[in-house]
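The values are calculated or read from the model by the stated rules, or taken from the named source; none is laboratory data. Keep in mind it's a predicted model, so treat the numbers as computed, not measured. Cβ coordinates were reconstructed from backbone atoms using ideal geometry, including for glycine residues, and neighbour counts include every protein chain displayed.
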Protein chains: 2
Amino acid sequence: MQIEGRKRVVIEGVKPEINGGLFAIKRIVNEPVKVEADIFSDGHEEIAAILMYRNSKDQEWREVPMSFLLNDRWTATFIPLEVGEYLYTLQAWVDHFKTWQKDIRKKIDAGQDVSVDLRIGADFLKRAAERAPSKESAQLKKWAEILNTDDDQAGSRIVALNPEVGETASRYPDKNLSTFYHKELMVHVDRKKAKFSTWYEIFPRSFGKTSGKYATFKDCEKLLPRIAEMGFDVLYFPPIHPIGQKNRKGKNNSTISKPGDPGSPWAIGSAEGGHKSVHPELGPITDFKRFTKKAIENQIEIALDLAFQCSPDHPYVKEHPEWFKWRPDGTVQYAENPPKKYQDVLPVNFETENWQELWEELKSVVFFWIEQGVRIFRIDNPHTKPFAFWEWLIIEVRKEYPDIIFLSEAFTRPKVMYRLAKVGFSQSYTYFTWRNTKWEFMDYMNELTRTEVKEVFRPNFWPNTPDILPEHLQFGNRNTFIIRLMLAATLSSNYGMYAPAFELMENRAVDGKEEYLNSEKYEIKNWNLNSPDSLQKIITTINRIRHENTALQDTNNIDFLNIDNEHLLGFIKTDEELSNIILVVINMDSYSHQAGRFALPLDKLEIPQRESFLAHELISDTRLFWQGKNHSIMIDPDKMPAKIFRLYRRIRREKDFDYFM
Amino acid sequence: MQIEGRKRVVIEGVKPEINGGLFAIKRIVNEPVKVEADIFSDGHEEIAAILMYRNSKDQEWREVPMSFLLNDRWTATFIPLEVGEYLYTLQAWVDHFKTWQKDIRKKIDAGQDVSVDLRIGADFLKRAAERAPSKESAQLKKWAEILNTDDDQAGSRIVALNPEVGETASRYPDKNLSTFYHKELMVHVDRKKAKFSTWYEIFPRSFGKTSGKYATFKDCEKLLPRIAEMGFDVLYFPPIHPIGQKNRKGKNNSTISKPGDPGSPWAIGSAEGGHKSVHPELGPITDFKRFTKKAIENQIEIALDLAFQCSPDHPYVKEHPEWFKWRPDGTVQYAENPPKKYQDVLPVNFETENWQELWEELKSVVFFWIEQGVRIFRIDNPHTKPFAFWEWLIIEVRKEYPDIIFLSEAFTRPKVMYRLAKVGFSQSYTYFTWRNTKWEFMDYMNELTRTEVKEVFRPNFWPNTPDILPEHLQFGNRNTFIIRLMLAATLSSNYGMYAPAFELMENRAVDGKEEYLNSEKYEIKNWNLNSPDSLQKIITTINRIRHENTALQDTNNIDFLNIDNEHLLGFIKTDEELSNIILVVINMDSYSHQAGRFALPLDKLEIPQRESFLAHELISDTRLFWQGKNHSIMIDPDKMPAKIFRLYRRIRREKDFDYFM
């Protein structure tokens, strides 16, 4: 027989485990990995189990003892300390000494003769002594001797029942017949920004000195202090490469462009270069590098767009015709989603026989920009390229640069979006933009944070993008914009905005569509960021609140409140230690006061029922004492459509006394 | 690169799949295996998928096209036709021709020029023709020619849009870049009795001619016609082997036996032999074989008890002392669950160094009894022997005898019971015996039939066993017995009873315990099966109803009704074709009339709302016409605590006209 038939413990139902271990779960540095499993043996014996984990760079496994929960379920937690890949697995065995100790206790309680049992226990201890280091070995031998030789048994019984004896012996178990879980599971550990980031999207060409003329990276440098002050830490640029001339799009997506029309940045490539070049009017690549450094000085990282598609003029088309689809009439196949056509863009044919060279070239594009200082990429339409390609690419990149972050711009079916997360994308766009009602948000957040999805998929909530001006913004008012801002910024720890359009409440759409009228995709805009209507102040406030409150730097920690008003969406977020408790209530009605009642989960928050506690409303900076679990709230959207309270547990009141006096 | 990067379709979320494919699901012959999976590709192309399956004896896979459900979920079903092991897996690919046909339809609808597209389509068809057999190949080539050469395009457009063209081309797809699911999953196919069986348990020694004296197998032969007439098809005997003399138990589990006390049949082995011997007083083994044959003549199979434990006199103890645990004082370790002791039984030590020889010997015991004609085994306490042992044993047995059925007698924690099912047990005892209220039954049935459990665990419901006289029977009345009978026999397609005690309503317990007073385990009883109080008649009736109605021969087909009375438990069971619709309502109150209202799921039953249909109450053999979905019911337990209706859909009314005229 090939197996070792005496391994009696089984391990199953391990969580987290994605697609049977095919894919890694995701964490950031210092974020706990809580593992659970069903672990049991035949018979009535006690068992012991450990969680084993290691950084994939290390050889040696670290061990954490598992604790029994209920119904044969065990758990343990480890904390990855470095960016990179970690592995975990489980080991369990029958703990004969623990079993012996449990049984002899029952026998002594029942007044049974245990003289032979004491000698069996002595034997277990002697064998544990052989496995223990010298000091504990001596102690174990001493105990064994007492069990073996004490005639009146009073002393032996004390030793037999002593928990310290059990604990010491259990530290040196006989693992000869232990069971290992048959898989090693992976954790993909990112830096903190993968989980907590605040994105600001602009078209750099629109911020020039002269209206309608291309701005340069140098022009954009002066935007950085303002963006930093507003609390954004990622500045995302649509593609900055040369734009194709052939079939260039005109204003409002017209198939005919006029002279001077700049074209869509996503129509990448011209005689001036392709994916590794910068559009000449933005300045030389050295200016881009200089801009990136200036951004870092402002605590801002640049996120670059990776759109693996080509304009008809892209150098690849001549150099690698085999990477594109050719039609029987000798023309190249444009991108299309019939009856729609995208004449300025050629899709790459990933079914090309020459796919390996293609993959290597695309990889070299990513490495090129990493070498220019880019650490974050926003991937355009990843769902139209093979999953296997992304899986390979992200592994290749992480081998050398494990701190790179990839945002997936896949607005498509849920299974496809989650698969992209599984193959390695650090963050993803979501359906947030199209969710409207309280119940839709609760449902969606539960899917994101209460199912397996939470282990792999990090949502990034956007109230708008250059492609999406959603209906509620088209027809809403200023409050609607603030509500969408509050929802994005508090529900999700990653959020972003297509910035000037959002902060200036641009809401003119192409009739009957979600497209911006006079979209910045096809023309150079001239935004007046200093408009008195700007949302700059409330954006700055909410971003400051996010930065000051760790509870808002997580998404999976959300707990919805049951408020008896369908317009009021309320939830609590806390950090692990309950040192930061945030209560958010948002009035989804842009026009009317709404009032409701709710009950706080005081037990969970460890706030005593009978003592008052401080509720600090962070937007208005007002403070009130609350008591008990039942509360009423009224929100006038014209004052502010949301309230964000920080609740102080009594234990912190003395310490924070100056805070509210 | 090792991978083929152009395989674009992914397959995940496959169901059923137990422990990631480590274990087989269970079916009986002709029972459908419905497989579902998430299958999708990058991009917007159409995909195709097939379910592949084969009998493990065959080399070639059979294929079933999968259908799209919703949300990237696909399904297909196959039906295993033979007892044994089947395998299934999935394959999927991008269907370029289907994509082409979808796209060209949209382009034609939008009035776009499709002349080049027609030529692309022609090319697809030509390549499909190369893969097709000659007749269809010629047809495909003809269509290709039309697409290529028809100038005015009217003819080509007709071909392009013709679904038959798509269907023909899709039958000969280019699977060069198809994706296979990375696992082959297993189905363990049993004969029908694994799913539908009716068990009668007796101690054969109690049915002798002389009161208090051992009966023989020959004596028992005369019981067979009566058992068959009552509708039982499995006759289960506790162990029939020689019983140990040493530490033999006396009446009522006394540790001191008197001369003449027969001892517990589970204290197996004496100087007269062990697990391959028959207790001499039952007769020679030839009589057992004869009995088995007689039983078969009565459509009854014998189920034998496999209790892998030994009395202190068992020949193994001397021949294989290493198979037992020895204590430092030279005595052998009895079975115990401190502070309880079972002095007449020695557990086998599965951690013995000599475990391989032990396993082989135990296997030889099973083969020995199979060779005597036994096809069903009831395994005593399987949860106190290693899971790996059972997995190996059952595989070994099924290799030669795939029709063997194993019933697991594990009354223990749920995860342990389900693991035993996963490693191969065909049926299992359950918590049925201790469930009392309507909600407890609904909860438990949902766990058994609505979760993954249903794929591996076949419940067998017992209202009592020689070890368990549950509280409700101790303190209930005749109606209580009938209620438990109805619950067991209608909720579960497998059920059984410790028969004479149940049918004669024996309810005297050891004070404060679930043990029978004067338990048959320790003495020879003398049951008066002809007592006027016997439940024989109602048992016969319910078993006849089970045999006549295929809906009651399944467990997973249960659908509970929402009845507005907590004493009335109601549910519907149907066969796949809706040709047998059974409605059961049980009054759980043994003492009082109970009335309630419920709604029938007419849509699901395909019964029209506005037409009357026949409801035939099968216990009382009374017929009524019903109409619509809302119904009232009243059950007087003193008449009969349950009603079992067969509902006839209108389509059958003409056919069954004579049935109710």
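Side notes on the structure shown:
- Residue that is farther than 29 Å from A:LYS107 by Cα and either small (Gly, Ala, Ser) or in contact (Cβ under 8 Å) with a residue 40 or more places away in the chain (or both), where the choices are B:HIS279, B:HIS314: B:HIS279
- Within region B:9-42, the set of residues being closer than 17 Å to A:TYR418 by Cβ and of a type outside the set (A, V, I, L, M, F, W, C) comprises B:GLU12, B:GLY13, B:LYS15, B:GLU36, B:ASP38, B:SER41, B:ASP42.
- Region B:156-206, subset assigned to a loop (DSSP other than H, G, I, E, B) and among the hydrophobic types (A, V, I, L, M, F, W, C), residue nearest to B:ALA551 (Cα to Cα): B:PHE196
- Single residue of B:LYS639, B:LYS643 found to be outside the structural domain of B:ASN460 (by TED's automatic domain parsing), at pLDDT 95 or above and surrounded by 19 or more Cβ atoms within 10 Å (Cβ to Cβ): B:LYS643
- Against the list (1) over 21 Å from B:ILE644 (Cβ atoms); (2) buried (at least 24 other Cβ atoms within 10 Å of the Cβ); (3) of a type in the set (Ser, Thr, Tyr), the condition B:THR465 fails is (2).
Okay, residues lined up against (1) out of contact with any Gly (no Cβ under 8 Å at 6 or more places or on another chain); (2) within 14 Å of chain B (Cβ to nearest Cβ); (3) on the phi > 0 side of the Ramachandran plot; (4) hydrophobic (A, V, I, L, M, F, W, C):
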residue: A:GLU297; (1), (2), (3), (4): yes, no, no, no
residue: A:ILE300; (1), (2), (3), (4): yes, no, no, yes
residue: A:LEU306; (1), (2), (3), (4): yes, no, no, yes
residue: A:LYS318; (1), (2), (3), (4): yes, no, no, no
residue: A:TYR334; (1), (2), (3), (4): yes, yes, no, no
residue: A:PRO339; (1), (2), (3), (4): yes, yes, no, no
residue: A:PRO347; (1), (2), (3), (4): yes, yes, no, no
residue: A:PHE367; (1), (2), (3), (4): yes, no, no, yes
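- Total residues in region B:114-138, condition in a helix (DSSP H, G or I), more than 9 Å from chain A (Cβ to nearest Cβ) and under 22 Å from A:PRO339 (Cβ atoms): 3
- The set of residues in region B:183-194 being surrounded by fewer than 22 Cβ atoms within 10 Å (Cβ to Cβ) and farther than 25 Å from B:ILE240 by Cβ consists of B:LYS183, B:GLU184, B:MET186, B:LYS192.
- For B:GLU336, the requirement of being among the charged types (D, E, K, R), at pLDDT below 95 and surrounded by 16 or more Cβ atoms within 10 Å (Cβ to Cβ) is met.
- Scanning region B:139-155 for residues that are surrounded by fewer than 18 Cβ atoms within 10 Å (Cβ to Cβ), within 14 Å of chain A (Cβ to nearest Cβ) and closer than 19 Å to B:ASP103 by Cα gives a single hit, B:ASN148.
- Residue count for region A:384-415 satisfying the condition of being under 24 Å from A:THR352 (Cα atoms), under 17 Å from the mean Cα position of the chain (by Cα) and assigned to a helix (DSSP H, G or I): 1.
- Where B:ASN247 falls short, out of the listed (1) at positive phi; (2) outside any loop (DSSP other than H, G, I, E, B); (3) not β-branched (Val, Ile, Thr): (2)
- Complete set of residues in region A:378-403 that are surrounded by fewer than 22 Cβ atoms within 10 Å (Cβ to Cβ) and farther than 19 Å from B:GLU4 by Cα: A:ASP380, A:ASN381, A:VAL397, A:ARG398, A:LYS399, A:GLU400, A:TYR401, A:PRO402, A:ASP403
- Within region B:405-440, if we keep just the residues that are surrounded by fewer than 20 Cβ atoms within 10 Å (Cβ to Cβ) and away from every other protein chain (no Cβ under 14 Å), the residue that is farthest from B:PHE475 (Cα to Cα) turns out to be B:TRP439.
- For region B:23-34, the criterion of being among the polar types (S, T, N, Q), touching a residue at least 12 places away in the same chain (Cβ under 8 Å) and within 14 Å of chain A (Cβ to nearest Cβ) is satisfied by no residue at all.
- Failed item in (1) surrounded by fewer than 20 Cβ atoms within 10 Å (Cβ to Cβ); (2) closer than 28 Å to B:LEU568 by Cα; (3) in contact with a strand residue (DSSP E or B) (Cβ under 7 Å, 6 or more places away or on another chain), with B:THR451 passing the rest: (3)
- You will find that of A:PHE502, A:PHE475, the residue that is buried (at least 20 other Cβ atoms within 10 Å of the Cβ), free of Cβ contacts under 8 Å to residues at least 40 places away in the same chain and assigned by TED's automatic domain parsing to the domain that holds A:GLN427 is A:PHE502 and no other.
- Selection within region A:521-549 - more than 26 Å from A:PRO466 (Cβ to Cβ) and in a loop (DSSP other than H, G, I, E, B): A:ASN549
- Hey, B:GLN356 within 14 Å of chain A (Cβ to nearest Cβ) and surrounded by fewer than 19 Cβ atoms within 10 Å (Cβ to Cβ) or not: yes
- Scanning region A:365-383 for any residue that is over 23 Å from A:TYR522 (Cα atoms), part of a loop (DSSP other than H, G, I, E, B), charged (D, E, K, R) and touching a strand residue (DSSP E or B) at 6+ places or on another chain (Cβ under 7 Å) turns up at least one such residue.
- For the residues B:ILE256, B:ILE202, B:ILE158, the requirement of being surrounded by 20 or more Cβ atoms within 10 Å (Cβ to Cβ) and of a type in the set (Val, Ile, Thr) singles out B:ILE202.
- The helices (runs of 4 or more DSSP H) found wholly in region B:417-509 and carrying at least 3 residues that are among the aliphatic types (A, V, I, L, M) occupy B:438-450, B:478-491.
- Leading residue by the ranking (surrounded by the most Cβ atoms within 10 Å (Cβ to Cβ)) among those in region A:1-12 that are more than 8 Å from every other protein chain (Cβ to nearest Cβ) and modelled with pLDDT of 95 or more: A:VAL9
- Filter pass, B:TRP392 being within 16 Å of B:CYS310 (Cα to Cα) and facing chain A (nearest Cβ under 9 Å): no
- Yes/no for A:ALA228 being among the hydrophobic types (A, V, I, L, M, F, W, C), surrounded by fewer than 20 Cβ atoms within 10 Å (Cβ to Cβ), at pLDDT 95 or above and over 30 Å from A:PRO280 (Cβ atoms): no
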